Structures are given as structure tokens and as C-alpha cells.
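**Q** The structure's right below; bear with me while I get my questions together.
The values are calculated or read from the model by the stated rules, or taken from the named source; none is laboratory data. Computed from a prediction, not measured in an experiment: that's the story for all the values here. Using ideal geometry, Cβ is built from the backbone for each residue, glycine included, and neighbour counts are taken over all protein chains shown.
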Amino acid sequence: MNLSFASSGLLWALMALPLLYWLVRLMPPKPKVIDFPALRILMGLNTGTPPQMTPPWWLVLLRVLLAALIIIAFAGPRLVPQSTPNSQPLVILVDNAWPAAASWQDIQRSANTLLDEAAAQKKQVWLWPITENPQQVSWREASAWQETLSRLQPQQQSADLPLALKWLQKNLTTKAEVVLLSSGVVERLAVPDGKEGVKLSRVYTPQILPQVIGHVERDGDNLKVKVLSLQPEAATLTVELRDLEHRVLSRSGTEKSAGNQQTANLVLTGLPAQPGYVVLQHQNHIAAWWGLSHIGGQPRVQVLAAEQNEFPLLSSRYYIKNALASAAQVNLQRELPDDLSTLDAIVADQLVVEPERLLPWVENGGVFIALAGDWLREHTELPLLPSALRPQPRLLSGPLQLEGAMTLKQAKASGPLEGMSLDPAALISQQWLPQNGWADGVETWLALQDDTPLVSARRVGSGWLVLVHTGAEAAWSTLPLTGSFPDLLQRLVKLGQGHEVTEVPPLPWAPQQLFDVYGKPAALSATPITEADAAVTPTHPIGFYGAPLQAHMLDGKQKLLTALPTNIWDGAEVLHYSGQNQSYDLLPWVLLLALLLLIVDTAIRLELLRPGRVMVLLAAIMLPGITQAEDVSPTTSLGWISSGSSSVDGITAAGLWGLSQAVNARTSITLGNPVRVDPASDSLGLYPVVVWPMVEGATLPDAKAAASLRAYVASGGILLIDSGTSLGVAKQHTQRVLNTVLGVSLAPVDAEHTLQRSFYLLSGQIVGRLGNQNLWRDTAAPLARLLVGAHDFSGAWAINERGEYQLPMLAGGEVEREKALRFGINMVLYALLGDYKKDQLHVDTLLKLFEENAK
Amino acid sequence: MIEQAASLSSSLPPLVLQALRLAETLTTSGHGHQRAGIGDSFFAYRPYSAQENAASIDWRASARMPAPVVREREHETPQTLYLWVDNSPSMDYRSKDDYPTKGEAARLLALSLAAMLFKGNENVGTLDGQVKPTNAASQLVRFYDAFSNAEPLNLPQLSNASSRAHVLMVGDLLPQADETTAWLQKHLRSGVTLSFIEVCDVVEDTFRFEGPTRFRGLEKRDGSLEFLAPQDVRQQYLKRRSSFRDILKDQAKRSGGHYFTYRTDTDIEDILLQLYQYLGQPRG
């Protein structure tokens, strides 16, 4: 690494530093002027020794260093990678074709470093973005290219690397160093062979090559996404299915399959909106994008229904649109398109003009679905109905009707509605009936309870004319409000699928929704596509053109990508883009150091730091290990004995920590961190309170530990045996411990005991996590030494590192927890102070007695 | 006349009002002279008791009474307090805008004291003779004028004070300690009680200065002094101050008076309470 400066001329200012030193020496600071009334008292006092303007050498050094650092910072220091210095001009060939989007940051950064380097060596540079077609080599200063480079972006365009190398060989007249900043990926048709073209001195490639979508195809209700990795051992990815508003509809992880391929399955059913395109998560480049026009699949439906602007929720259009939204491509335009062949089905809830126009389309395989509302009243003979209808609809519910609204009966077996969900809430109030029974070929697919038709259809050519005998408005039926309606419509429009329609609409296609080279939606300017196989160019970015879902893509060029072979050039140095080759800006560090020195200097000036202290401070900074010496100050701590269960021990430790915090906060006692003690090896006498949780099945302490525990109880610490833990109440083990280890007789702690009032007045309530119960104490001495309970005190006290309580109280909530803490505090004070508080309670009486005696 | 008095009272300087308010806060019951004692004016009659000198019986009054009575006279103190407030330029000083200047503090102190003493029916006058001893609270304004218009740097004649007077001098005293001492030796007569209230600013009292500093005096004759390291002379300064103070303390003590120190950053009620207690206590 070499040190270089952006503006090295400024470094001459360093020469002025000694001057600064002399100036400081020559000009003593001006004294403060202060009015002072008692001046006469000062008269005759020693006014001080003559100016001593020789500051200590280290202070001068510090300040000169500070000034030097500031000058250096202004000069813009950088560490640039070591390179063999030569005076040859430099050609930087930047690969900015579309595969470069994945590694564009690396490419740009490396180009910047190369420019810095060249600037330091004062080389002539030519930076050639490969998508441009230069007329000649144009040498310029390295710094002049910075601007060009910062504006450079990868283009949605292919590049021919072998051609570029050949061009260079032909046009490069002087001997020059040629560096290729490649994306690591080339199209298979443009792989260089290393023999032809200019000789490269360095080739940069990314460490990780991009992953691209190879193919997306529809397989029933699934979308199969094939992901190609250009290098072995690629990581698996997440594939996202998005709608045209870029919301993620579903995600799926890829699985490795043969070779470098990965596949993912996206389920298309039950999506909240219509899928628009597939992208690979975190792969920000064009080849990780795949528009879904190629999959076909969903029926394209034209909805003809009047819109009620004021009350959108009352219009049938709203219900039809939502019923179909997830299963079809819905077009809501009022007019039929000129080219009916782009449609699979038409749902009509209003009169259709030029019905004759539709008939050939239906014969060709289209499905015309009429929702029979009021609009049919004057048009019962419409040729688009399966058969002619009676002039008036049949009223099922109304003031004069006996039947009332009718529900759906079964759908016709073997019809398209077979197995349809029949919602009992769908009530039909009005219904159209056929004029003279059924015409030939009319099928009833769904009937009402009285077997009158609700959905009937007639085959025309290879298409269908379908009539739903009721309308979508509330006056006709509640059908649109039920789950049966989407099911019904989705099944009906699917009938139109698979009929012969021309896949590609006529040219030109106007741009609709475009994506930038990183695969992100962007507002780009583009020209309409005028030829069917137009390639992706900067004027034709990837995206949707013409009809809403007509993706224009790289046409499977992903499949043609391959990794750039790097070992084909003799003598070329092959490097990865990585931090090692970056130039490194030292400015922040120099400024930081200067700031630190300034702080030290200010501290010295304010006499916060005297030389001795500076040394101490420096030592503290240099040797952090020393300052982290173990805290050995003798503080009182609570102790606990392991129960044998790690989860219970964790709660016990946390509980004692919580109790210590409460004691520290509320009393004048300061407790240290609770300590785990082992009665067999540690001296228990150091701890005023030792908590021992009991767990069923734990091993009994050995003889030495038992003796130590007996001695502790006999000598006056408090041993709290808690048989209640988060694992339940360990009755038998507690009994065993009491009988075999301690051998004491117990009595309940009564309400008058000092423990009940040593800090708080507990009034007989001794509460743990498991509630208010009896607490037992040994009867051997007036002061309690041993407390036995089944409360799970630690569980109630336990807090986590954020100070939140870990376990909920069994009953009573935080009020009970407060009681538990109060007991704990009382216990600690009792352990430390004994019966002292008992006498305090009588202090009033004692004082009265004294007063009486005094009289 | 009445209009003039009314306008005068409404134009009482704020300092006077403040002084009145301060005096209100301190009760003067200890000073009440509404009791029998040595004096000339009549106080009350009381029945004669057998142990008393028969000459003390007021026969004329007894003739109207069923039993002989003794005429009691109201207690009167012959003492008069003379106030003097230093009005030299060095008093016009404060180290921070939060504090009063030393001169303001001294005048307020003196006026409050006067107001307090008026309440106790004491006679108060100014030492330079501008205000003759009086016990009328309405004269407070004249005191104020007298203090503000006093000649700077003029130690007054003690001849104005009566022979058993109590003289109270308020000022920064210490810088002129030697002058004051010389003046005292010249003028102080026996029988005059002398008390001092030293008013000083916090910077004078503590002298916490560091780094090269040029001190500029406030009196006309003072020049300035430059110290490179004033922190080095702090101890000497404080020592000198306390030795001057000791001289004045000694003077006050010898004459039967007392020496008070008031620092302008402290509460003025405190020093007033001290003064009140000192003046209220019986003295031989």
C-alpha cells in the first residue's frame, strides 16, 4: 500500500510548523483584566516570576503534532494499493453490459481505485465502457474520468467482449496497460478465446457470480422456477412472486437439483392478487427478473357492468371484479376491445351493443356469461341467451308471495359446476324463466330448490352461452354476498380457456410497466416495440408492453450466460474485486486522531490533566487488561446452593439478583451479586442468607457438605430451603434433607415473629410465586436460623437483564409479587439485624418510661 | 403639606420600601419600651408595697385612691445609634450581575436597621450630621438621601455623636483598614460604642483567580497590579485580610461594639437577624 494525497501541495504547510512553535514562544498570552475593589490589600505582594514561556517538550510536541495532523487531513491522505509503477498509459475496459448489474458496485469501486492509482502516478488514462462504440482512443488525465465513471451505469444491452479486444488491438497505437473490469459473466455467443485481441495485463472478476432465472413455466396450479447458478456451490435463494404493484404474493425457497440448477415451486391458487412477475430475492440484476406473460394460464375476462360511482359497494361490477380478481385477468373497460380474440370470457351485467359481433367469437370458443338483471326486461329475446326468456321475471319473495326467497339446490353432476360450494345464505328473490320450456341443447347446470334453473348454458360452436338467471343486485339475490359467487364465476370463466386465441397481440406494443437493469420497477423512457422479436436495448428495457401482461424480456438469454473464462490470457493477472485492492481513505482516521489530541490538549489546558495523570491515562488506554482487575472489595452478597437442575438454578440466581436489586433500592443495605456456593468447599459464613431450592430426585449432600450446612444453621446465617420451584413442590426430597442432613424440628413462623416486621409489616402474609403459605422455622434458638417453605420465592423475585420479571405469579399478579419482595427484604434485614427491630417497635413505650423516671 | 407628604411616601425609593419590608419580617418585641423603668414620662400607677421607700409614694395620686400608690415611669434608653455608610467608589462593585453592588447592599442594610430601630422607638441619626437623631419612621427617606449623597472617601467627624452614642459603620473597611485605624485613634472618645459591618463581594473574600491577571483598582488613587500567578499569592492575600479584620475587631471590642461581616452573595436577612440579636440583647 502506498500513501497518496489528493492535494499534495498543501503538505508544504508542514514547513511552517516550526514557525508556529516560535510564534507561540514569542507571544505570551494577554492577562485577563479584572476590576478589583480590594486592590490595596494586594499591594506589595509578589507579582510572580517573569514570564516563563518554555512549555514542557511533550506539550509542544502534542500541539505541533495536532497542527501537522490537521494539515495532513486537508491534503486528503489515501492508502492506494501497491502497483508496479510504470509510465505506460492505462486502458480501463469497463464491462457495463446487462450482466454487470449484479456486481456493478464492485466494478465502479475498482475503476475508482485504478483512477486514483493512475492519478498518483500521473498516467494518461482511457476509460472505455464496453457498451459504447468509440471512434478512437482518447487519452485524458485520470482525474478527468472520475465524473464519467460516477455517471456510468450498466446498460440493458449485450456486449461483445472478443470484438472489443480485437478493436483495441487494432486501434491502440502506443504501448499501454489494459485492465478489464468484467462482470464475470458473458453471453455464450461472445466468449473470448484469449488468443485474439489485445494482451490484457489485469482482469478483475467478482468473487460470487450472479444467479439467474433460467426458465419459468406453469405446471397446473404451480409455477416452476428454474434458477441457474454460474458457479458451483452457489447458495440457495428465495424466489418471490409479485403482482404488478410490486407486492409480494408468495415466496418459496429454492432446492438444489441437477448440476448448478435450483428449482422452486410457487403455488398459484389462493393468491390475493394476480401475479405479475417473479424475482430472486437479493439478486439485484436484470437476469433475476421474469415477467409472467409467457406462462399464460389465467383466463382473460372482459367485465361489462355498469358502474355506480356514488355507491361502489352496491354495483355488481364491484362484486364481479373481486370474485374474479385472483383467478383471471380482468379487464374492466366499458367497451369491448376491437380484437375479441384476446378474450377468453365476457361477463355481462348490462346490455351488449352489437351482439352479432360476439357470436363468431363464441363459436370460436369464447364464453359469454350473462348475469340476468333488470337490463334483460326489454331484451328477453337477445341472441346471446341460451334460450328466450319470459317477458317478466318470476318473483319469489315479496308481499304477495308465499314461497319466500329460495336457496340453491345441487349442481348438475358432470357439469362444470359439479362440486361447487353451495352457500345456504344465498337467497334468490327474482328469477328469469325460459319462455317455452327448454330449447334444444340447453343444459341446467345449477338449479333452485324447486328445480327451476339458476344457471343454464348452451353450447355454440366450441364456446358457451351461459345465463345466470338472477341478477347481482340486492333486489334479485344475495348470491354475490356469498362464497358461492366467486366459485361460480371462476368455474364459468375457465370454460373459455384453451380456446384458440392468438397469443401475441398485434404490434406495436406501447410500454406499460418497465424495470431497470437492477430488476427494480422504474420510470424509464422507452419506445413502443414494433417488431415481434425486438431485442432488449436501452430504448426497450425489460418490462411489460402492449397488453397489461405482455412481458418483453431478454428472451431466454439467461440460458446463454456462462462464466467468463479467466485463465485464457497469458501473463494477465486475475484478481477478484475485494477490499484488498481498494484504495483506502485515511481522512476520517487522521481527523479522529487530531480530535483526540485536541481533547487531550484542552484537558491539559483546563488542568484536568497534569503530566502525571496523562501518563496514567495513557497507561489505562494502552493496557485495558489491567483496569479490568477483578473486583475484590468485600461486599455482602446473598448465596445460593445448586438444586441439581440447571433451569431451577438459573431462576434462583435471577431471583436473588432481583432481591438484591430490591434491597439495594429500598434499604440502606448494599448487596453485591448473588454467589453460588458449594457447602462442601466454600465457607458459608460469608453469606447472611443462603437459598437452597429443592428439586425431587436431587442427590443429598455428602457428609462434609451436611456438616458445613449444620454449622451454618447453628452459627446464625439464614438458610432458606424452598421446596417450591418451577418444577413443582419437592415434598419428599425436602423431608429427606430436613431429616437426614439438618435434623431439626420445625414450627410455623407466627404473625408476631420479627421476620414479619423487620422492614415491612407483612401482617402474617408470606407470599412466594406459589402463593401465601405457612413458612416454617427451626425451634432450636430464639432467632430463626432455618426457614423452610414451599413458596418458590426465587421464582417471584427473578428478573432478567432488562429488569423485567421472568415468571408470572401463580395468582394475584404484581400485588402478590410485591408481597414476595417484601418478605425477601424482611428476611435479609432479619438475617443482618436479628431482633434489633423487635426492640425498635417498643421504642415509644421505652421513651415514655424514661420520661416518667426522669420526673 | 398633606399632599406633599403623600407624594413623598409614594415616591419612596425602592430601597427604602425594601428596607421597610425587611424590617417587618423581624419582630421588635424585645425592644419594646412599653414597660416600667427609668425615665421621665409617666407609665402607670401601682399599689405601694411595704418594703418600698415611702418617698416613692405619689401622694397627690394616693389622695384620690383608697390606698397609697406608686407612680411608675416608662423606661427610656438614652442611647442613640449613629449610622455611617461608606460611599467610596470601591463600594460600587459587584462581581456578578446577580449580586447587589456593595454600596447598594450597605445602604439597604443601614436603612433596614434604621427602620427596625424606629419600630423599637430607638433614636437613629447619621454620623455626618445630615439627619439628626430621630425616632420617626417617616425620616427613612432622608436617611436614604443622606447615604446616597454622602461625600465619598470622607471619614466623618465623630463630634456629631453624643457622648454615649453607638456608632455603626457600614463599608468595605478592610482596604482602608490602616486609614480607619488612624482616624479612630484620632477621634474615638471613650463612651462611644463602635460597631463595624464589613460589606464585601465574594471574589474579595475568596480570591479565586488563576492565570495571568491584571487587577484594576476602583478608587481614584488606585492604579492596577498585574499578577502572573494570582493563585500563588492567595494565601498571603487572605492572611492580610484577616489580620486587618482582626485589628478592626479589636477596635470594636475595646469600645464595646462588635464586628460583622456581610458578603453580598449571601442572604441579607441573616446579617439583619445577627444585628437584631446583637442590638436587642441587654448590654452593660
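**Q** Confirm whether residue B:252 is crowded, with 17+ Cβ neighbours inside 10 Å, outside any strand (DSSP E or B) and away from chain A (no Cβ under 14 Å).
**A** yes
**Q** Say whether the condition of being modelled with pLDDT under 85, out of contact with any Pro (no Cβ under 8 Å at 6 or more places or on another chain) and closer than 10 Å to residue A:641 by Cβ is met by at least one residue in the stretch A:678-692.
**A** yes
Yes or no, residue by residue, for (1) in contact with a strand residue (DSSP E or B) (Cβ under 8 Å, 6 or more places away or on another chain); (2) surrounded by fewer than 18 Cβ atoms within 10 Å (Cβ to Cβ); (3) of a type in the set (S, T, N, Q); (4) more than 29 Å from residue A:286 (Cβ to Cβ):
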site	(1), (2), (3), (4)
A:116	yes, no, no, yes
A:120	yes, no, no, yes
A:130	yes, no, no, no
A:134	yes, yes, no, no
A:138	yes, yes, yes, yes
A:141	yes, yes, no, yes
A:146	no, yes, yes, no
A:154	no, no, no, no
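**Q** Also: Can residue B:180 be described as within 30 Å of residue B:205 (Cβ to Cβ) and either surrounded by fewer than 19 Cβ atoms within 10 Å (Cβ to Cβ) or of a type outside the set (Phe, Trp, Tyr) (or both)?
**A** Numbers: within 30 Å of residue B:205 (Cβ to Cβ): yes; either surrounded by fewer than 19 Cβ atoms within 10 Å (Cβ to Cβ) or of a type outside the set (Phe, Trp, Tyr) (or both): yes.
In short, yes.
**Q** Can you confirm whether residue A:105 is under 37 Å from the mean Cα position of the chain (by Cα) and either without any contact (Cβ under 8 Å) to a residue 60 or more places away in the chain or surrounded by 20 or more Cβ atoms within 10 Å (Cβ to Cβ) (or both)?
**A** So residue A:105 passes the test.
**Q** Could you check how many residues of the stretch B:231-245 are at the interface with another protein chain (Cβ under 7 Å from one of its Cβ atoms) and surrounded by fewer than 17 Cβ atoms within 10 Å (Cβ to Cβ)?
**A** 2
**Q** Any residue in the stretch A:457-470 that is among the hydrophobic types (A, V, I, L, M, F, W, C), touching a residue at least 12 places away in the same chain (Cβ under 8 Å), outside any strand (DSSP E or B) and touching a Leu at 6+ places or on another chain (Cβ under 7 Å)?
**A** Scanning the stretch A:457-470, I find no residue that is among the hydrophobic types (A, V, I, L, M, F, W, C), touching a residue at least 12 places away in the same chain (Cβ under 8 Å), outside any strand (DSSP E or B) and touching a Leu at 6+ places or on another chain (Cβ under 7 Å), so the answer is no.
**Q** Is it the case, given these coordinates, that residue B:167 is of a type in the set (Val, Ile, Thr), within 25 Å of residue B:245 (Cβ to Cβ) and either crowded, with 20+ Cβ neighbours inside 10 Å or in contact (Cβ under 8 Å) with a residue 24 or more places away in the chain (or both)?
**A** yes
**Q** Test each condition in (1) of a type in the set (A, V, I, L, M, F, W, C); (2) assigned to a helix (DSSP H, G or I); (3) at the interface with chain A (Cβ under 10 Å from one of its Cβ atoms) for residue B:273 and report the one that comes out false.
**A** Result: residue B:273 passes all but (3).
**Q** Being surrounded by fewer than 19 Cβ atoms within 10 Å (Cβ to Cβ), modelled with pLDDT of 85 or more and in contact with a Lys or Arg (Cβ under 7 Å, 6 or more places away or on another chain): is that true of residue A:642 here?
**A** For residue A:642, the condition - surrounded by fewer than 19 Cβ atoms within 10 Å (Cβ to Cβ), modelled with pLDDT of 85 or more and in contact with a Lys or Arg (Cβ under 7 Å, 6 or more places away or on another chain) - is met.
**Q** Being farther than 21 Å from residue A:277 by Cβ and touching a residue at least 40 places away in the same chain (Cβ under 8 Å) is the filter here, so list the residues in the stretch A:209-239 that pass it. Spell out the reasoning first.
**A** Pass one, the stretch A:209-239, residues farther than 21 Å from residue A:277 by Cβ: A:209, A:230-235.
Once the filter is applied, which keeps residues that are farther than 21 Å from residue A:277 by Cβ and touching a residue at least 40 places away in the same chain (Cβ under 8 Å), the stretch A:209-239 yields A:209, A:230, A:231.
**Q** Check whether at least one residue in the stretch A:390-403 is in a strand (DSSP E or B) and either surrounded by 13 or more Cβ atoms within 10 Å (Cβ to Cβ) or in contact (Cβ under 8 Å) with a residue 60 or more places away in the chain (or both), and report yes or no. Before the answer, list the steps.
**A** First, the residues of the stretch A:390-403 that are in a strand (DSSP E or B): A:394-395.
Retained after the next criterion (residues that are either surrounded by 13 or more Cβ atoms within 10 Å (Cβ to Cβ) or in contact (Cβ under 8 Å) with a residue 60 or more places away in the chain (or both)): A:394-395.
Scanning the stretch A:390-403, I find at least one residue that is in a strand (DSSP E or B) and either surrounded by 13 or more Cβ atoms within 10 Å (Cβ to Cβ) or in contact (Cβ under 8 Å) with a residue 60 or more places away in the chain (or both), so the answer is yes.
**Q** Shifting gears a bit: Residues that are over 53 Å from the mean Cα position of the chain (by Cα) and in contact (Cβ under 8 Å) with a residue 12 or more places away in the chain: which strands (runs of 3 or more DSSP E) entirely in the stretch A:725-814 hold 3 or more of them? Can you show your working first?
**A** Details: elements: A:746-748, A:776-778, A:786-789.
Because the criterion is at least 3 residues that are over 53 Å from the mean Cα position of the chain (by Cα) and in contact (Cβ under 8 Å) with a residue 12 or more places away in the chain, the strands (runs of 3 or more DSSP E) in the stretch A:725-814 that meet it are A:746-748, A:776-778.
**Q** Kindly evaluate residue A:335 against the criterion of being more than 44 Å from the chain's Cα centre (by Cα) and in a loop (DSSP other than H, G, I, E, B).
**A** Yes.
**Q** Among strands (runs of 3 or more DSSP E) lying entirely in the stretch B:175-230, which contain 2 or more residues that are within 8 Å of chain A (Cβ to nearest Cβ) and either free of Cβ contacts under 8 Å to residues at least 24 places away in the same chain or of a type in the set (Gly, Ala, Ser) (or both)?
**A** The qualifying strands (runs of 3 or more DSSP E) are B:213-216, B:224-227.
**Q** Would the stretch A:773-790 turn up any residue that is of a type in the set (S, T, N, Q) and within 24 Å of residue A:708 (Cα to Cα)? Steps first, answer last, please.
**A** Step one: list which residues in the stretch A:773-790 are of a type in the set (S, T, N, Q), which gives A:773-774, A:779.
Checking the rest, the ones that are also within 24 Å of residue A:708 (Cα to Cα) come to A:779.
Yes, there is a match, as at least one residue in the stretch A:773-790 is of a type in the set (S, T, N, Q) and within 24 Å of residue A:708 (Cα to Cα).
**Q** Report whether or not residue A:569 is over 38 Å from the mean Cα position of the chain (by Cα) and either at pLDDT below 80 or not charged (D, E, K, R) (or both).
**A** Numbers: over 38 Å from the mean Cα position of the chain (by Cα): yes; either at pLDDT below 80 or not charged (D, E, K, R) (or both): yes.
Spelling it out, residue A:569 is indeed over 38 Å from the mean Cα position of the chain (by Cα) and either at pLDDT below 80 or not charged (D, E, K, R) (or both).
**Q** Please verify whether the stretch A:179-194 includes one or more residues that are within 20 Å of residue A:114 (Cβ to Cβ), surrounded by fewer than 17 Cβ atoms within 10 Å (Cβ to Cβ) and modelled with pLDDT of 80 or more.
**A** So far as the stretch A:179-194 goes, no, none of its residues is within 20 Å of residue A:114 (Cβ to Cβ), surrounded by fewer than 17 Cβ atoms within 10 Å (Cβ to Cβ) and modelled with pLDDT of 80 or more.
**Q** Filter the stretch B:92-140 down to residues that are touching a Gly at 6+ places or on another chain (Cβ under 6 Å) and more than 14 Å from every other protein chain (Cβ to nearest Cβ) and give me whichever is nearest to residue B:165 (Cα to Cα).
**A** Among residues in the stretch B:92-140 that are touching a Gly at 6+ places or on another chain (Cβ under 6 Å) and more than 14 Å from every other protein chain (Cβ to nearest Cβ), the one nearest to residue B:165 (Cα to Cα) is B:133.
**Q** Right, next: Need the failing condition index for residue B:259 against (1) within 14 Å of chain A (Cβ to nearest Cβ); (2) touching a Lys or Arg at 6+ places or on another chain (Cβ under 8 Å); (3) among the aromatic types (Phe, Trp, Tyr); (4) under 23 Å from residue B:156 (Cα atoms), just the number.
**A** (1)
**Q** Among the numbered criteria (1) more than 14 Å from chain B (Cβ to nearest Cβ); (2) modelled with pLDDT of 75 or more; (3) outside any helix (DSSP H, G or I), which one does residue A:3 miss?
**A** Among (1) more than 14 Å from chain B (Cβ to nearest Cβ); (2) modelled with pLDDT of 75 or more; (3) outside any helix (DSSP H, G or I), residue A:3 violates only (2).
**Q** I'm trying to understand the selection: among the residues of the stretch B:78-91, which are of a type in the set (Ser, Thr, Tyr) and either within 14 Å of chain A (Cβ to nearest Cβ) or within 23 Å of residue B:267 (Cβ to Cβ) (or both)?
**A** Result: B:88, B:90.
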